[in-house]
1. Go through GLU268, GLU225 for me and flag whichever is surrounded by fewer than 21 Cβ atoms within 10 Å (Cβ to Cβ) and touching a helix residue (DSSP H, G or I) at 6+ places or on another chain (Cβ under 9 Å).
2. Give the stretch 228-247 a look and list any residue that's modelled with pLDDT of 95 or more and surrounded by 14 or more Cβ atoms within 10 Å (Cβ to Cβ), or say none.
3. Based on this model, can you work out whether SER29 counts as over 16 Å from the mean Cα position of the chain (by Cα) and over 25 Å from PRO217 (Cα atoms)?
4. Which of the following residues is surrounded by fewer than 24 Cβ atoms within 10 Å (Cβ to Cβ), at pLDDT 95 or above and closer than 17 Å to GLU279 by Cβ: LEU27, LEU130, LEU126?
5. Mind counting the residues in the stretch 162-190 that are at pLDDT 95 or above and in a loop (DSSP other than H, G, I, E, B)?
6. For the stretch 258-280, check the following and say yes or no: at least one residue is more than 25 Å from THR179 (Cβ to Cβ) and aliphatic (A, V, I, L, M).
7. How about the stretch 108-161: which of its residues are more than 19 Å from the chain's Cα centre (by Cα), in a helix (DSSP H, G or I) and closer than 21 Å to HIS205 by Cα?
8. I need the full set of residues from the stretch 26-50 which are within 17 Å of ASN187 (Cα to Cα) and outside any loop (DSSP other than H, G, I, E, B), in order please.
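The values are calculated or read from the model by the stated rules, or taken from the named source; none is laboratory data. Computed from a predicted model, the values in this text were never measured in an experiment. Glycine gets a Cβ as well: all are built from the backbone with ideal geometry, and neighbour counts include every protein chain shown.
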Amino acid sequence: MTDAGRSEESASMRIPIGNGRMLHALLRSGQGGPPFLFVHGLASNARLWDEVADAIAAAGHGSVAIDQRGHGRSSQTEEGYDFATLAADLAAAIDATVDVPVIAAGQSWGANVVLELAARHPDRVLGLGLIDGGFIRLADVFPSWDQVRSTLAPPSFDHLTQPRLRAMMRENLAGFSDTAIAAQLANFEETPDGSVRARLRRHNHMTILRQLWSHDPDAAVRNLEIPIRMVAVNGDGPSRPERVEAFAAAARSITVHWVDGHHDIHAEQPQVVAGILLELAREVSS
């Protein structure tokens, strides 16, 4: 079920999740220590983790980076965007690849998903890395779904070509490496008329937002006894001190690292994020 990897460090794999649907995964081998599971955020893809995963591999840890359903190179599907199904997808990916408990790291919405993975499948998770997410509780900011829909609905990109989109990213994502820019471009596909569109379909994007709006991460984290490392970003992301502090107070074992940067801090500052995740690996191994 593997095909040629996109680099010497990673191999590509397709993982069945039922009804003929597949998750796309990027695998890196390790030389010991607990493996990592990397989970991207909303409308993103596994390649945003490339440079973090390379640094983790250099330290001896294998990893699996997942395109969640409807994202990246995984199957398009009209259902299964509830947290229970998404967590089951990740459990299936763990079983099909490393088949041992992992350190699960997620970014933004993906951090809320790995939190649910740990809560619903505790035998699969040794520790959690929550990267500018996990604590997200949209209902605190938007009392009604109509407010979420009007404020957070994704923009249309059908007026852009790939060269124009690439130029905009290079302008707006100063400090991002060529690898990180290429990963951001992988969030889109080119249409026959030469324009681009997001790989995640708009109606599925809205379904995920609806699930996130009703999600209570504090309830999920309250009973977890595994160590958690959180990266909270001082910048354009969702991290607000009062919300992060409330979530941390609900957790039993958590360390919060505040970092200046972009919401996609794992792509912007991969060495910083990798260093924090390796501290978590040492903690779970001690």
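1. Values: GLU268 fails: surrounded by fewer than 21 Cβ atoms within 10 Å (Cβ to Cβ).
Within the list GLU268, GLU225, the selection yields GLU225.
2. ILE228, ARG229, MET230, VAL231, ALA232, VAL233, ARG243, VAL244, ALA246, PHE247
3. Details: over 16 Å from the mean Cα position of the chain (by Cα): yes; over 25 Å from PRO217 (Cα atoms): yes.
Judged against the criteria, SER29 is a match.
4. Working: LEU27 fails: closer than 17 Å to GLU279 by Cβ; LEU130 fails: surrounded by fewer than 24 Cβ atoms within 10 Å (Cβ to Cβ).
Within the list LEU27, LEU130, LEU126, the selection yields LEU126.
5. So the answer is 5.
6. no
7. ALA139, ASP140, VAL141, TRP145, ASP146, GLN147, VAL148, ARG149, SER150, THR151
8. Looking only at the stretch 26-50, we keep the residues that are within 17 Å of ASN187 (Cα to Cα), and these are 26, 38-50.
Hits for the stretch 26-50 are LEU26, PHE38, VAL39, ALA46, ARG47, LEU48, TRP49, ASP50.
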